[in-house]
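Undergrad: Let me give you the structure first, and then I'll get to my questions.
The values are calculated or read from the model by the stated rules, or taken from the named source; none is laboratory data. Predicted, not measured: the structure shown is a model, and the values here were computed from it. Glycine also receives a Cβ, built like all others from the backbone with ideal geometry; neighbour counts cover every protein chain displayed. For the accessible areas, the whole protein counts, side chains as well, though only heavy atoms, and no ligand, DNA or RNA atoms are used. Shrake-Rupley method; radii C 1.70, N 1.55, O 1.52, S 1.80 Å.
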Amino acid sequence: MVRIRVVHDEELLRSALVQLLRSDDTLEVVSAMSPSADATPHDVLPTDVCVVDGECLRGPGEAHAATFRARCGDQLVVLTTPKRPGVLRRAFDAGALGLVDKNAPAQQLITAVHTVAKGERFLDAALSVALLEGAVMPLTARELSVLSLAAQGAPMAEIAARLHLSRGTIRNYMATAIRKVGARNRVDAIRIVQNAGWT
């Protein structure tokens, strides 16, 4: 038997994924919400493969990826879409061996689980181009920080204070970010970055 852990924030979708995977008699499936910051490693049942919704991979950087691996294990299968290259990049950074398109047939997920359980990589063909796009994030960390704070409704003065920069520098970062993502204005830049899954 291959032991599977399904991680998804939404109860209905998590239950549906569990039922789908249980249709294969060789899989033993349990489910959980996305790992919380206060969970400890002994709270996590041992599993062979962890199936994770890509939206659960929140938080940038290697530290977050390492924390996620500590709670879910190394053999990750991540569900996402080609429209979210930022989520794909986070999945790759989290060490995912399997990447499956959410629009794929059910059998694709089962195949991915068995492939990853053997320690092999599974990449849904529909996600290949998006993964390459995700590898070339156009914004620097600072530009992304400025846009993220703007997305929260912070005015220029507050962004400048929080990042310990001058207002002019913040305006320059904002203008550069808008140009790099091909946006018309700040609101359009925020929409583009959020839709790509970079924030």
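Undergrad: Kindly establish whether Arg171 is within 22 Å of the chain's Cα centre (by Cα) and either modelled with pLDDT of 95 or more or part of a helix (DSSP H, G or I) (or both). Steps first, answer last, please.
TA: Numbers: within 22 Å of the chain's Cα centre (by Cα): no; either modelled with pLDDT of 95 or more or part of a helix (DSSP H, G or I) (or both): yes.
Criteria not met by Arg171.
Undergrad: While we're on this one: Give me the residue from the range 75-94 that is assigned to a strand (DSSP E or B) and closer than 20 Å to Thr47 by Cα and, out of that set, most open to solvent (accessible area, probe 1.4 Å).
TA: Checking each candidate, the answer is Leu79.
Undergrad: For Val181, state whether it is touching a residue at least 40 places away in the same chain (Cβ under 8 Å), of a type outside the set (Ser, Thr, Tyr) and out of contact with any strand residue (DSSP E or B) (no Cβ under 9 Å at 6 or more places or on another chain).
TA: Judged against the criteria, Val181 is a match.
Undergrad: Of Val116, Val78, which residue is in contact with a Leu (Cβ under 7 Å, 6 or more places away or on another chain), over 30 Å from Thr140 (Cβ atoms) and at pLDDT 90 or above?
TA: Criteria check complete, one pass: Val116.
Undergrad: Evaluate the following for Asp25: is it charged (D, E, K, R) and at pLDDT below 90?
TA: Criteria not met by Asp25.
Undergrad: Mind checking which pairs have a first residue in the range 144-170 that is touching a residue at least 12 places away in the same chain (Cβ under 8 Å) and closer than 27 Å to Asn195 by Cβ and a second that is part of a helix (DSSP H, G or I) and hydroxyl-bearing (Ser, Thr, Tyr), Cβ under 7 Å, 6 or more apart or different chains?
TA: From the range 144-170, the pairs are Val146/Tyr173; Leu163/Ser145.
Undergrad: Then there is this: Please specify each residue of the range 114-123 satisfying the condition of being open to solvent by less than 60 Å² (accessible area, probe 1.4 Å) and either in contact with a helix residue (DSSP H, G or I) (Cβ under 7 Å, 6 or more places away or on another chain) or part of a loop (DSSP other than H, G, I, E, B) (or both).
TA: Of everything in the range 114-123, those that are open to solvent by less than 60 Å² (accessible area, probe 1.4 Å) and either in contact with a helix residue (DSSP H, G or I) (Cβ under 7 Å, 6 or more places away or on another chain) or part of a loop (DSSP other than H, G, I, E, B) (or both) turn out to be Gly119, Phe122.
Undergrad: Quick one: which residue in Leu139, Leu99, Leu144 is modelled with pLDDT under 95, assigned to a loop (DSSP other than H, G, I, E, B) and either of a type outside the set (S, T, N, Q) or open to solvent by 30 Å² or more (accessible area, probe 1.4 Å) (or both)? Show your work before the answer.
TA: Details: Leu99 fails: assigned to a loop (DSSP other than H, G, I, E, B); Leu144 fails: assigned to a loop (DSSP other than H, G, I, E, B).
Sole residue among the options that is modelled with pLDDT under 95, assigned to a loop (DSSP other than H, G, I, E, B) and either of a type outside the set (S, T, N, Q) or open to solvent by 30 Å² or more (accessible area, probe 1.4 Å) (or both): Leu139.
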